[in-house]
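> Below: one structure in structure tokens.
Read-outs throughout are calculated quantities, based only on the coordinates presented, and are distinct from any laboratory measurement. Note that the structure is predicted; figures quoted are calculated from it, not measured. Cβ sites come from the backbone with ideal geometry, for glycine too, and all protein chains shown count toward neighbours.
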Amino acid sequence: MPISGSSDPAAPDRYHVRSVERALSILKLFLTGEGELNLAEISARMQLPQSTAFRLLVTLRSSGLIEQSKNNGKYRLGTTSLALGGAFLRSSDLRQSAKDSLEALRDRCGETVHLAVLDKLEVIYLDKLAGLHPIGLMSSRVGDRSPAHCTGLGKALLAQLSDAEIRERYTNTPLRRYTPNTITHLGTLLKDLAEIRAQGYAIDDEEHEAGVACVAAPIFDSAGTAAALSVAGPSQRINEQLKSRELPRVVRQAAAQVSVRLGGGEKAAAPSPRPRRPALTRFGS
């Protein structure tokens, strides 16, 4: 029997299998970046009896989605999870459509380039091409998550939402401070996002990592905002490239190229004001 809308979280409860939802929720615990968790930690975070959590872990382990360390008994994602992630990336039209533009952008700027999508209040890195400099390489990895409010990629994507939707998303979530430059007040973030909408690109001014800056621009498909790409590197080198106003232009150009391939060229071609020269270390509130 076909199940219409079964991928929709709002689908009727009768279509939901509780044990499957719990098992998937266990897998999602590892998306926070913690490599290993023990049974007690998983049980507490899932708010499940340890006996129930253990049965779910045994099932996940038998499928290869979870592994258990022989050294400390902790659980971690298994090789099947890795294979599923790889299969998704290989089948991603977005990633394939962006490949040539990312390579050209990296070769032109010499710095690390990223491709990411927005997931609620975080960005997920779909692709990364390391910069050409031996010093100042980024520690990010494909599949990693970063907060949206203080990354260029995240702000480029948040800027495509309405102020009302942004307020709703952050109603019960404070803007965590990562550096002295992190925006921690929603009003300040909304002002920054308004400027990003007008100019068509975002700047992370050492807001997530000290000493690291980036310029990002949104990518559109026929349905709307699809992703964002960025150029990132040591703030000193990025600052030098920003002096000529060339970096925002080439980042937007690369994003527009990908948008055309995805059928969102009209949105990407919208006019914007002349790129401004950003003042570094301008935030913190």
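> Using alpha-carbon pairs under 8 Å, 6+ residues apart, how would you state the relative contact order of the range 92-268 in percent?
Taking the mean separation of contacting Cα pairs over the length of the range 92-268, I get 23 percent.
> Same structure, new question: Identify the residues of the range 30-74 with backbone N under 11 Å of a label point that sits 7 angstrom from the Cα of Thr80 along the Cα-to-Cβ direction, or state none.
Counting only backbone N, you get 58-67.
> Show the residues, 5+ positions off or on another chain, whose built amide H is closer than 5 Å to the amide H of Leu77.
Glu67
> Another question, if that's okay. Determine the gain in length on full extension of the stretch Arg176-Glu103; use 0.36 nm per residue of separation and subtract their C-alpha separation, reporting nm with one decimal.
Extra length from Arg176 to Glu103 when fully extended: 23.0 nm.
> Ranking Lys28, Lys70, Lys191, Lys128 by Cβ neighbours within 10 Å, fewest first, what do you get?
The fewest-first ordering by Cβ neighbours comes to Lys70, Lys28, Lys191, Lys128.
> Using label points projected 7 Å from each Cα along Cα→Cβ, tell me how many nm separate Ala44 and Thr59, to one decimal.
Between Ala44 and Thr59, the simple spin-label model gives 2.5 nm.
> Something else: Output the direction-averaged projected area (hull surface divided by four) of the convex hull of the alpha-carbon atoms of the range 13-84, in nm².
If I average the Cα hull's projected area over directions, I get 5.2 nm².
> Please turn the phi angles of the range 168-183 into ³J(HN,Hα) values with the Karplus equation 6.51 cos²θ - 1.76 cosθ + 1.60 (θ = phi - 60°), one per residue in order, whole Hz, x for glycine and proline.
Running phi through 6.51 cos²θ - 1.76 cosθ + 1.60 with θ = phi - 60° gives 5, 5, 9, 3, 10, 10, x, 7, 5, 8, 10, 9, x, 8, 5, 6 Hz.
> Once the range 92-268 is represented by equal point scatterers at the alpha-carbon sites, with solvent omitted, what log10 I(q)/I(0) does the Debye formula produce at q = 0.10, 0.12, 0.14, 0.19 Å⁻¹?
-0.33, -0.48, -0.66, -1.28
> Could you give the length gained by full extension between Arg141 and Thr32, i.e. 0.36 nm per residue of separation minus their alpha carbon distance, to one decimal place?
Here the answer is 37.9 nm.
> A follow-up question, please. Read phi for every residue in the range 144-160 and hand back ³J(HN,Hα) as whole Hz from Karplus 6.51 cos²θ - 1.76 cosθ + 1.60, θ = phi - 60°, with x for Gly and Pro.
5, 10, 9, x, 6, 6, 10, 10, x, 4, x, 5, 4, 7, 4, 5, 7
> In nanometres, what is the gap between the two model label sites at Ala194 and Asp163, each 7 Å from Cα along Cα-to-Cβ?
Going from the Ala194 label point to the Asp163 one covers 0.5 nm.
> If you don't mind, another one. Translational D (Stokes-Einstein, µm²/s) of the range 102-169 at 4 °C and 1.567 mPa s when Rh comes from the Kirkwood sum over C-alpha pairs?
In µm²/s, the coefficient is 101.
> I need the phi-derived Karplus couplings for the range 46-51: 6.51 cos²θ - 1.76 cosθ + 1.60, θ = phi - 60°, integer Hz, Gly and Pro marked x.
Per residue, the Karplus-derived 3J(HN,Hα) values read 8, 6, 10, x, 4, 5 Hz.
> Further, regarding this structure: Order of His16, His208 from fewest to most other C-beta atoms within 10 Å?
Listing His16, His208 from fewest to most nearby Cβ atoms yields His16, His208.
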